[in-house]
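*Asks:* Pasting a structure here, questions to come.
The values are calculated or read from the model by the stated rules, or taken from the named source; none is laboratory data. These numbers come from a predicted model, not from an experiment. Backbone-built Cβ (ideal geometry, glycine too); neighbour counts: all protein chains shown.
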């Protein structure tokens, strides 16, 4: 499994290759490293092989629906932030995506600069949470070493 | 379509005139043939009785309820068989064979035997060369297979037959038949135009249904197009942003124009999608004073808001719909005022079941010839207008259970208004 700890790896899942490539090209200018997947299966395959910092996921995908892909991603990679994109301006879709664990929702056609900002925020937030979890685990280990079993970091 | 309908109507009228003429002629003809019909029926009875007499052992003329008299006579006019009013001698009646006497109640007929003309009655239609047994079987089918006896000897000597029949029943039957014919004919005369009109209506309904179906399909196609167009628009926007970053500043203005036009397309697509939606959204109770407060903050000095008399005025409408309708009207009002010389005014009045939001401007107004089209889809007089804005306002107002309207002001300018339902106590959460 490849790891790229100091880069911002983003997986773009959209069946429109022009949008995928255009987004990747723009995000590359913003120092993101992007990979593309045209459907859920390809996305799962890439997620197994590479560690990504965020996923940009289209709501409408062939074969496996975007919400189903989101559910699977959140099952396998709970801390991976997912930003949903859709041509629908339907608030119900946004609410459903948020309930399933998406961190953000953008309606097409969106400003890529806005996507870059939201990705940045999502990745930073995710890393902070991750660091907090690591710190908490470290603190617990120290407490158990010093005070013995039964004590925990609050 | 109109030509086809008028052509069909002309053809129909001609057919009806032809049918009416034929019907009238037929009724007259039937009435004139009244006597012939009775003669014909009497002749049928006579033929039947003679046939029966020649084949049955026990001939009982009483079976014929309408039979008054029946007799068979030889060449000398002397009686061979006599029943009822039949004379003892045919010479006594001083009547020649073939003579028919049709009185008010009876018909009397004297005929020569041995001459049987072809009879076209429903039960007596047979060929000349058929045997007597075959003929009898046809007349009395229930007796088929029974061996017939040889006719009695005296029938072979009979040359003349006399018959007297009570015709009251026949005449009544004849009149009933004519009456029924006339009734059926006039019923048809009334029913056919009704059926024609009904068929016309069915054709009209079918055409209308087809047109509605086409419109629904067109709406679906437009909705799908409005949705699918977002992907290419998204790609253009992303490409514009990329080019903005990588190209020298000299090209930024060009990219800005592309971006601006793309945004116009996005707005038009969104409006078209809004116009094509067919549900009332998510109606919620909205406090009008609170809404006006928000509008005051949003538009500032660019919009004058008249205070509302009823501070607890609440309407029931989808908030997005209401905001979209008001925004469209306010933007139109602002654009109608040249050089921003005056500020549009927003005010609300309360009716029985609805609240009316009005936008007043002191602009150029609407040309008289455009008044009936301003709410039509794609009707616009603006250089960069899409013609969707006011159509969308009307559509959203109707979907919300309200209406929309316009009138010119005497002082110049226009007043556009929308009405939306008032929220009842049960609706207010």
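Per-residue answers, yes or no, for (1) at pLDDT below 80; (2) over 30 Å from residue B:185 (Cβ atoms); (3) in a helix (DSSP H, G or I):
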position: B:20; (1), (2), (3): yes, no, yes
position: B:37; (1), (2), (3): yes, no, yes
position: B:42; (1), (2), (3): yes, no, yes
position: B:47; (1), (2), (3): no, yes, yes
position: B:53; (1), (2), (3): yes, yes, yes
position: B:59; (1), (2), (3): yes, yes, no
position: B:62; (1), (2), (3): yes, yes, yes
position: B:70; (1), (2), (3): no, yes, no
position: B:80; (1), (2), (3): no, yes, no
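*Asks:* If residue A:46 satisfies every condition in (1) modelled with pLDDT of 90 or more; (2) under 28 Å from residue B:282 (Cα atoms); (3) surrounded by 15 or more Cβ atoms within 10 Å (Cβ to Cβ) but one, which is the exception?
*Replies:* It is condition (2) that residue A:46 fails.
*Asks:* Any residue at all in the stretch B:276-299 that is exposed (fewer than 12 other Cβ atoms within 10 Å of the Cβ) and in contact (Cβ under 8 Å) with a residue 24 or more places away in the chain?
*Replies:* The answer is yes; a qualifying residue exists.
*Asks:* Among the listed residues B:209, B:164, identify the single one that is at pLDDT 85 or above and touching a strand residue (DSSP E or B) at 6+ places or on another chain (Cβ under 8 Å).
*Replies:* Unique residue meeting the criteria: B:164.
*Asks:* Being away from chain A (no Cβ under 14 Å) and either more than 46 Å from the chain's Cα centre (by Cα) or in contact (Cβ under 8 Å) with a residue 24 or more places away in the chain (or both): is that true of residue B:196 here? Steps first, answer last, please.
*Replies:* Details: away from chain A (no Cβ under 14 Å): yes; either more than 46 Å from the chain's Cα centre (by Cα) or in contact (Cβ under 8 Å) with a residue 24 or more places away in the chain (or both): yes.
Judged against the criteria, residue B:196 is a match.
*Asks:* Quick one: in the stretch B:220-234, of everything that is in a helix (DSSP H, G or I) and either in contact with a helix residue (DSSP H, G or I) (Cβ under 6 Å, 6 or more places away or on another chain) or within 7 Å of another protein chain (Cβ to nearest Cβ) (or both), which residue is surrounded by the fewest Cβ atoms within 10 Å (Cβ to Cβ)?
*Replies:* Residues of the stretch B:220-234 in a helix (DSSP H, G or I): B:220-228, B:230-234.
Checking which are either in contact with a helix residue (DSSP H, G or I) (Cβ under 6 Å, 6 or more places away or on another chain) or within 7 Å of another protein chain (Cβ to nearest Cβ) (or both) leaves us with B:222-223, B:226-227, B:230-231, B:233-234.
Numbers: B:222: 14, B:223: 16, B:226: 19, B:227: 16, B:230: 23, B:231: 19, B:233: 18, B:234: 27.
Checking each candidate, the answer is B:222.
*Asks:* Can I ask one more? Quick one: would you say residue B:429 is surrounded by fewer than 21 Cβ atoms within 10 Å (Cβ to Cβ), within 24 Å of residue B:302 (Cα to Cα) and modelled with pLDDT under 90?
*Replies:* no
*Asks:* Within the stretch A:94-132, restricting attention to residues that are part of a strand (DSSP E or B) and within 14 Å of chain B (Cβ to nearest Cβ), which residue is modelled with the highest pLDDT?
*Replies:* Looking at the filtered set, the residue picked out is A:106.
*Asks:* Restricting to the stretch B:373-384, name every residue that is at pLDDT below 80 and in contact with a helix residue (DSSP H, G or I) (Cβ under 9 Å, 6 or more places away or on another chain). Write out each step before concluding.
*Replies:* Step one: list which residues in the stretch B:373-384 are at pLDDT below 80, which gives B:377-384.
Hits for the stretch B:373-384 are B:377, B:378, B:379, B:380, B:381, B:382, B:384.
*Asks:* For residue B:259, are the conditions met, namely being in a helix (DSSP H, G or I), under 21 Å from residue B:393 (Cβ atoms), in contact with a helix residue (DSSP H, G or I) (Cβ under 7 Å, 6 or more places away or on another chain) and in contact (Cβ under 8 Å) with a residue 12 or more places away in the chain? Steps first, please.
*Replies:* Details: in a helix (DSSP H, G or I): yes; under 21 Å from residue B:393 (Cβ atoms): no; in contact with a helix residue (DSSP H, G or I) (Cβ under 7 Å, 6 or more places away or on another chain): yes; in contact (Cβ under 8 Å) with a residue 12 or more places away in the chain: yes.
When the stated conditions are applied, residue B:259 does not pass them.
*Asks:* With the checklist (1) outside any strand (DSSP E or B); (2) at pLDDT 90 or above in hand, flag the one item residue A:35 doesn't pass.
*Replies:* (1) is the only condition that residue A:35 fails.
*Asks:* Identify, please: which residue in the stretch B:352-372 is exposed (fewer than 15 other Cβ atoms within 10 Å of the Cβ) and farther than 20 Å from residue B:321 by Cα and is, among those, farthest from the chain's Cα centre (by Cα)?
*Replies:* The extreme case among them is B:364.
*Asks:* Which of the residues belonging to the stretch B:246-259 are within 13 Å of chain A (Cβ to nearest Cβ) and exposed (fewer than 13 other Cβ atoms within 10 Å of the Cβ)?
*Replies:* B:246, B:247
*Asks:* Look at the stretch A:77-93 and say how many of its residues are modelled with pLDDT under 90 and in a strand (DSSP E or B).
*Replies:* 1
*Asks:* Something else now. For the stretch A:53-90, give me each residue that is out of contact with any strand residue (DSSP E or B) (no Cβ under 8 Å at 6 or more places or on another chain) and more than 14 Å from chain B (Cβ to nearest Cβ).
*Replies:* Of everything in the stretch A:53-90, those that are out of contact with any strand residue (DSSP E or B) (no Cβ under 8 Å at 6 or more places or on another chain) and more than 14 Å from chain B (Cβ to nearest Cβ) turn out to be A:63, A:64, A:65, A:67, A:68, A:71, A:72, A:75, A:76, A:77, A:78, A:79.
*Asks:* Mind listing whichever residues of the stretch B:235-245 are facing chain A (nearest Cβ under 7 Å) and modelled with pLDDT of 90 or more?
*Replies:* Hits for the stretch B:235-245 are B:235, B:237, B:238, B:239, B:241, B:242.
*Asks:* Let me ask something additional. I'd like to check something: does the stretch A:11-21 contain any residue that is crowded, with 21+ Cβ neighbours inside 10 Å, over 16 Å from residue B:242 (Cβ atoms), in contact with a helix residue (DSSP H, G or I) (Cβ under 9 Å, 6 or more places away or on another chain) and more than 9 Å from chain B (Cβ to nearest Cβ)?
*Replies:* So far as the stretch A:11-21 goes, yes, one or more of its residues are crowded, with 21+ Cβ neighbours inside 10 Å, over 16 Å from residue B:242 (Cβ atoms), in contact with a helix residue (DSSP H, G or I) (Cβ under 9 Å, 6 or more places away or on another chain) and more than 9 Å from chain B (Cβ to nearest Cβ).
*Asks:* Still on this structure, I have one more. Does the stretch B:304-331 hold any residues that are within 17 Å of residue B:389 (Cβ to Cβ) and in contact with a strand residue (DSSP E or B) (Cβ under 7 Å, 6 or more places away or on another chain), and which are they?
*Replies:* Result: B:322, B:325, B:326, B:329, B:330.
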